[in-house]
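J.: Right, I'll just put the structure down here and ask away after.
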Amino acid sequence: MSFLIMAGQLILGLSILVILHEFGHFLAARAFGIKVEKFYLFFDAWGVSLFKFNYKGVEYGIGWLPLGGYVKIAGMIDESMDTDQLAGPPQPWEFRSKPAWQRLIVMLGGIIVNIIVGIFIFWVLTIRYGETYTPNANIKYGIVPGKIGTKMGLKAGDKINSVNSKPIVRFEDLISSKVLLDKTVLNVQRGNDTLDIKVPPTILNDLSDFGIEEFINRVPRIKFAIDTIAHKSGAEQAGLKKGDSILTVNGNAVAYFDQVQAQLRANKNKKVQLTIKRGDSLQQVAAQINAEGVLGFKPKVQLPQDTTIKYGFLGSLPIGATKAWSMFTDNAKGIGKIFTGQVKARKAISSPIGIAVMFGSHVDWIRFWSLVGFLSMVLALTNLLPIPGLDGGHTVFLLIEMIKGKPLSDKFLERAQIVGFVLLISLMVFAFGNDIVKQVMKK
C-alpha cells in the first residue's frame, strides 16, 4: 500500500507539472498564430494512446509511455521526428515560418510557466502557513552531529554561532544550501573555546549515502525523561516507569537523549546496568537491549521554542519567490559541482523512483505541494540545459540562428535531435539503475 501511495503522489505531482509545462509552449505558440497539432500527457509512442479526443483542430490525449509529455507544433523538428511536413514549402501557420524571436519565446514558454508555478506554490504556502523556524539562540545544549558531521570534526554539544562570519539566526539554516553548497566555514563554540571547521566541498556525496540526519540532526541536543514503556520490552522487564530519568549506562553518564541512544546502540543484544532517578531516590537496574539497540521507551522531551512569522497576501510573495528561486540556483550549483567533479553523478542524479521516495508513504499535503513546487523549479532548470531535445537545446540553436542571421539546416537539427534523444534515454537508464541499486543496498 505504501508503494501505491508514493507512486500515486509521484504521478499526480509530475502530471500537474508536465501539463502546465506543455501548456506554456501551447499558449505561446497559439499567441503567435502557430498551429498546434497534439497536446499529450505522456508519450503515445508508435501511435498508441490510452485516451484522446479532438477539439478545434488539436488532438488532446494521454499516452502509454510515462516519460513526460509534449505538444506537437506544426513545422518544427521535435521528439516526434515527424519530418514529412517539412518537405513542402513553409506555411504561414508553421513554427519555421515565424521570426526567430517568436520561436524563442515558444521554446522558453514551458520553462517560464514552471518558474511561475514554483513561485506561486511557495507564495500560497507562505500565505497559509507563514514561516516557522527554531531560533539558533534557543539551542541551549548544542547540536547532535551524525557520521558526516563527526568526520568533519563536529562534536555533540557544539554550538554553531556563524557561517562564513555571518551569524546563524535560524537553526534550520545549518542544514540548508547556505552551508552545504558553498565554500563554508563554521564558527563553533565548544565549551569555553571557539574554533573554525570547514565543510568539505564533496559533502553532497556523503549526504547521498547517509542522509542529512548524518550531518547535523534536525533535533538538537535535549534532556529527557521516560514517558511511555513498550509492552514486553527491555524497559518493561527492567521495571522502568514513566517519569524515571536515566543517569548512567554501564557507568557512563547520559545527561542527554543522544548520549543514551549512543550507549544503547553500542550495546545491542546485551544486558546493561542503568542508574535511574525515580523521585528523590537513585536505583540500579539491569536491562536487556534488543538487536536494534533499543530499550523500548518513548522519551518525554522539551524541544526548543519555535517562532512563526505570518505574512500578508502581498508580503508573502517575495518570501515565496525567494524560496522558489533559491531552489533553482541551488540545483544549478549542484549541477556545477557534478561537472567540476566535486560531486559524483551517481550520488546526485535521481529517477522517478528516488522522487517517489521523497513523497513518502503517507499523504502530507504540505510536503506534497512543497515537493511539487521544488520539482517545478528543477524541471525549469533541467529543461534549460543545452541538450538537443530539451527546450535548452532548441534555445541554443535559435540563438545561433539569430547571431548568424540564418537558420541551421533541417538535416543538422534532425541529427541533433537523435543525439539528444540517445543522451536523454541513456541518462534515464542510468538514473533508474542508480536508484534501484540504492534501494536494494538499503535493504
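J.: Out of all the residues in the stretch 285-298, which are part of a strand (DSSP E or B) and hydrophobic (A, V, I, L, M, F, W, C)?
T.: The answer is VAL285, ALA286, ALA287, PHE297.
J.: Report those helices (runs of 4 or more DSSP H) wholly inside the stretch 299-380 carrying at least 3 residues which are touching a residue at least 24 places away in the same chain (Cβ under 8 Å) and open to solvent by 40 Å² or more (accessible area, probe 1.4 Å).
T.: Filter on the stretch 299-380 gives 316-339, 352-359.
J.: Scan the stretch 183-211 for residues that are exposed (fewer than 15 other Cβ atoms within 10 Å of the Cβ) and touching a helix residue (DSSP H, G or I) at 6+ places or on another chain (Cβ under 8 Å) and jot them down.
T.: Matches in the stretch 183-211: LYS198, PRO200, ASP209, PHE210.
J.: Still on this structure: Note down all Cβ pairs under 7 Å where the first residue falls in the stretch 399-425 and is under 17 Å from PRO99 (Cβ atoms), the second is modelled with pLDDT under 85 and open to solvent by 70 Å² or more (accessible area, probe 1.4 Å), and they're at least six residues apart or on different chains.
T.: Correct list of pairs: GLU401/PRO407.
J.: Test of understanding: among LYS56, LYS35, which residue is more than 26 Å from the chain's Cα centre (by Cα) and crowded, with 16+ Cβ neighbours inside 10 Å?
T.: LYS35
J.: Please state which of the following conditions GLU214 fails to meet, knowing it meets all the rest: (1) closer than 14 Å to LEU154 by Cβ; (2) surrounded by fewer than 17 Cβ atoms within 10 Å (Cβ to Cβ); (3) touching a residue at least 60 places away in the same chain (Cβ under 8 Å).
T.: (2)
J.: Quick check, is VAL249 over 20 Å from THR150 (Cα atoms) and hydrophobic (A, V, I, L, M, F, W, C)?
T.: The answer is yes for VAL249.
The values are calculated or read from the model by the stated rules, or taken from the named source; none is laboratory data. Values in this document were obtained by computation on a predicted structure and should not be read as measured data. Glycine also receives a Cβ, built like all others from the backbone with ideal geometry; neighbour counts cover every protein chain displayed. These accessible areas exclude ligands, DNA and RNA; they are computed on the full protein's heavy atoms, side chains included. Shrake-Rupley method; radii C 1.70, N 1.55, O 1.52, S 1.80 Å.
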